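Chemist: This is the structure I want to talk about, given as structure tokens.
The values are calculated or read from the model by the stated rules, or taken from the named source; none is laboratory data. Keep in mind it's a predicted model, so treat the numbers as computed, not measured. Positions of Cβ are backbone-derived with ideal geometry, glycine not excepted, and every protein chain shown enters the neighbour counts.
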Amino acid sequence: PKILRWFDDKCGGSKRLAEQAKAVIPGGIQHNLAFNHPFALAISHAEGAHLTDVDGNRYIDFLQAGGPTLLGSNHPVIRQKVHALLDACGPVTGLLHEYEVKLAELVCKHMPGVDMLRLLGSGTEAVMGAVRLARTYTKKKWIIKIGGAYHGWSDQLVYGMRLPNTGRMEATGIPRGATGHTQECLPNDLEALRRKLQINRLRGGTAAVLLEPLGPESGTRPVHKNYNEQVRKLCDEFDTLLIFDEVVTGFRIGMGGAQSYFGVTPDITVLGKCLTGGYPMAGAIGGKRDIMMSLVGGIGTTSRRAFVGGTLTANPLSCVAGYYALQEAHRSNAAVVAGQAGDRLCRGLEEIIRRRRLPYVTYNMGSIVHLQTSGVLLLDTSSMWKLFKVRNEAKQRKHMMEEMGAAYTAHGLITLAGSRVYTSLADTDAVIDDALNRFDD
Ligand code: PLP
């Protein structure tokens, strides 16, 4: 009640707008990560590590829009470059622009698995394109995704897929056939992956194994240290492509992504989020040259082509924002600095959890910090039943996490669903120490 009273007393402007929104927006919010308990917060200003709402309340921003703003919100260098670009040619022409090439060159320079880059509209679109590219290149049809990961909301890969035992889909409106050639395999279970690859070899072959290199949901279910390397070996053995979904990890773990960190080079890399520094149209497929050329096919010939597109893809605004966001990330060593902030936060949270004997566990991979109720994290996800239990527990705890999220907000902290934190270049020691005091409260 104390927390709810805080919202009523301090967030009148947000409350009014949230009510107004419900009349014209289903559920009153558009963004899946937008905080909505007890109602959505309306933000009027964003700068660096902080957000201010329409009522003048100031928050430490650990949502960072779901990850793209590694440099902090509304970074002045990117903003100025975008203004200059808009003055010169507006947001889109549909023709080639210098920054399209500059951005692609920069990504190719830093990402070991990227010889060529194709920009698309979002992470979802880029994963769809990557899968289509893999099928075209290999002439095989099966896709194995490593269980529980979110790869966007396309029919064939949508979150959750089929629940074990019941066969019921977590997301609806998707006919059985749409996921007919997608299989799910649990993280860390290399034997199960091998078995699937063996069976698929007898029935058309596996085009690709698709995974998030930190483990499903940015490491919410972490994978073992050598997991990526071993999946790489299996893919080579079965002549299957390895797709890394680096939508979250790309540039946030380092300029070379998680692939550099683990020293494992995928055949296809999917990028998004940090790629355009928080500006729209963040999505791209990168990969080895001969694979990427399957996006083109032979002009005037009948050779195979994986078709992708989009009216606003590779628009100059996204490209200029992306180019300067990545330049700036490189120059300022943003992944390392934000990672140190993540380490400091995680160590502080550990101390609070220990001192207050809370049923929580916290761990981080650089600037990606997880804060889970301890039952949700299960390192040993070696059976479907265990994963099922985890998902059910996670659902039961959702309300509790929502309440925790609201409590954090009332103490000036915006998190991702109360269970994840993204730090940024703007998170100085003073910001993190301020945040830790608030978490402790
Ligand atoms: N892949 C991963 C690992 C993601 O976390 C997300 C989004 O959070 C996506 C793909 C989809 O990206 P987008 O939201 O840009 O469609």
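Chemist: Which condition does HIS45 not pass, out of (1) in contact with a strand residue (DSSP E or B) (Cβ under 6 Å, 6 or more places away or on another chain); (2) surrounded by 14 or more Cβ atoms within 10 Å (Cβ to Cβ), if it passes all the others?
Modeler: So the condition that HIS45 fails would be (2).
Chemist: Ok, one more. Restricting attention to the stretch 56-77, report how many residues are more than 21 Å from the chain's Cα centre (by Cα), in a loop (DSSP other than H, G, I, E, B) and buried (at least 17 other Cβ atoms within 10 Å of the Cβ). Walk me through how you get there before you give the answer.
Modeler: First pass over the stretch 56-77, keeping only residues more than 21 Å from the chain's Cα centre (by Cα): 56-59, 76-77.
Narrowing further to those that are in a loop (DSSP other than H, G, I, E, B): 56-57.
Applying the additional criterion that residues be buried (at least 17 other Cβ atoms within 10 Å of the Cβ) yields 57.
Here the count works out to 1.
Chemist: I would also like to ask the following. Here are ASN200, ASN188, ASN228: which of them is touching a residue at least 12 places away in the same chain (Cβ under 8 Å) and in contact with a His (Cβ under 8 Å, 6 or more places away or on another chain)? Talk me through it step by step, then tell me what you get.
Modeler: Working: ASN200 fails: in contact with a His (Cβ under 8 Å, 6 or more places away or on another chain); ASN228 fails: in contact with a His (Cβ under 8 Å, 6 or more places away or on another chain).
When all the criteria are applied, what remains is ASN188.
Chemist: Only one of these is modelled with pLDDT of 95 or more and within 16 Å of the ligand (Cβ to nearest atom): ALA149, ALA126. Name it.
Modeler: Numbers: ALA149 fails: modelled with pLDDT of 95 or more.
Selected residue: ALA126, the only one of ALA149, ALA126 that is modelled with pLDDT of 95 or more and within 16 Å of the ligand (Cβ to nearest atom).
Chemist: Exactly one condition in (1) at pLDDT below 90; (2) closer than 26 Å to PHE39 by Cβ is not met by LEU413; state its number.
Modeler: (1)
Chemist: Further question: Any residue at all in the stretch 76-94 that's touching a Gly at 6+ places or on another chain (Cβ under 8 Å) and within 26 Å of ILE3 (Cβ to Cβ)? If you could, list the steps in order and put the result at the bottom.
Modeler: Pass one, the stretch 76-94, residues touching a Gly at 6+ places or on another chain (Cβ under 8 Å): 78.
Filter again for within 26 Å of ILE3 (Cβ to Cβ), leaving none.
No; the residues of the stretch 76-94 include none that is touching a Gly at 6+ places or on another chain (Cβ under 8 Å) and within 26 Å of ILE3 (Cβ to Cβ).
Chemist: Name every residue in the stretch 229-266 that is part of a loop (DSSP other than H, G, I, E, B) and either surrounded by fewer than 18 Cβ atoms within 10 Å (Cβ to Cβ) or of a type in the set (S, T, N, Q) (or both), in order of residue number.
Modeler: Just the residues of the stretch 229-266 that are part of a loop (DSSP other than H, G, I, E, B), to begin with: 238-240, 246-249, 251-253, 255-256, 263-266.
ASP239, THR240, THR249, GLY263, THR265, listed by residue number.
Chemist: Another one. Give the residues of the stretch 279-291 that are surrounded by fewer than 24 Cβ atoms within 10 Å (Cβ to Cβ) and not acidic (Asp, Glu), sorted by residue number.
Modeler: In the first step, residues of the stretch 279-291 are kept if they are surrounded by fewer than 24 Cβ atoms within 10 Å (Cβ to Cβ); the result is 279-280, 288-291.
TYR279, PRO280, LYS288, ARG289, ILE291, listed by residue number.
Chemist: Just a yes or no: is a residue in the stretch 78-85 β-branched (Val, Ile, Thr) and loosely packed, with under 15 Cβ neighbours inside 10 Å? So that I can check it myself, show each step before the final result.
Modeler: So the first thing to find is which residues in the stretch 78-85 are β-branched (Val, Ile, Thr), and the list is 78, 82.
Subsequent filtering for residues that are loosely packed, with under 15 Cβ neighbours inside 10 Å retains none.
No: zero hits.
Chemist: Let me ask something additional. Can you pull out the residues in the stretch 210-233 that are acidic (Asp, Glu) and on the phi > 0 side of the Ramachandran plot? Reasoning before the result, please.
Modeler: First, pick out the residues of the stretch 210-233 that are acidic (Asp, Glu): 212, 217, 229.
Passing the criteria: only GLU217.
Chemist: Then there is this: Yes or no: the stretch 284-302 includes at least one residue that is within 15 Å of the chain's Cα centre (by Cα) and either at pLDDT 95 or above or more than 14 Å from the ligand (Cβ to nearest atom) (or both). Before you say what the answer is, go through the steps one by one.
Modeler: So the first thing to find is which residues in the stretch 284-302 are within 15 Å of the chain's Cα centre (by Cα), and the list is 284-285.
From the residues that got through so far, the ones that are either at pLDDT 95 or above or more than 14 Å from the ligand (Cβ to nearest atom) (or both) too are 284-285.
Yes, some residue in the stretch 284-302 is within 15 Å of the chain's Cα centre (by Cα) and either at pLDDT 95 or above or more than 14 Å from the ligand (Cβ to nearest atom) (or both).
Chemist: Follow-up. What are the pairs with Cβ atoms under 9 angstrom where one residue, in the stretch 115-128, is over 15 Å from LEU241 (Cβ atoms) and the other, located anywhere, is of a type in the set (Lys, Arg) and within 12 Å of the ligand (Cβ to nearest atom)? Sequence gap at least six, or different chains.
Modeler: Close Cβ pairs (under 9 Å, with a partner that is of a type in the set (Lys, Arg) and within 12 Å of the ligand (Cβ to nearest atom)) amount to GLY123/LYS273.
Chemist: If you don't mind, there's one more thing I want to ask. Here are the criteria: (1) at pLDDT below 95; (2) surrounded by 17 or more Cβ atoms within 10 Å (Cβ to Cβ); (3) within 16 Å of the ligand (Cβ to nearest atom). Tell me which single one ASN32 does not satisfy.
Modeler: Only one criterion is unmet by ASN32, namely (2).
Chemist: Quick one: is GLU19 loosely packed, with under 13 Cβ neighbours inside 10 Å, touching a residue at least 12 places away in the same chain (Cβ under 8 Å) and either in contact with a helix residue (DSSP H, G or I) (Cβ under 6 Å, 6 or more places away or on another chain) or more than 30 Å from GLN327 (Cα to Cα) (or both)?
Modeler: Numbers: loosely packed, with under 13 Cβ neighbours inside 10 Å: yes; touching a residue at least 12 places away in the same chain (Cβ under 8 Å): yes; either in contact with a helix residue (DSSP H, G or I) (Cβ under 6 Å, 6 or more places away or on another chain) or more than 30 Å from GLN327 (Cα to Cα) (or both): yes.
Taking the combined requirement at face value, the residue satisfies it.
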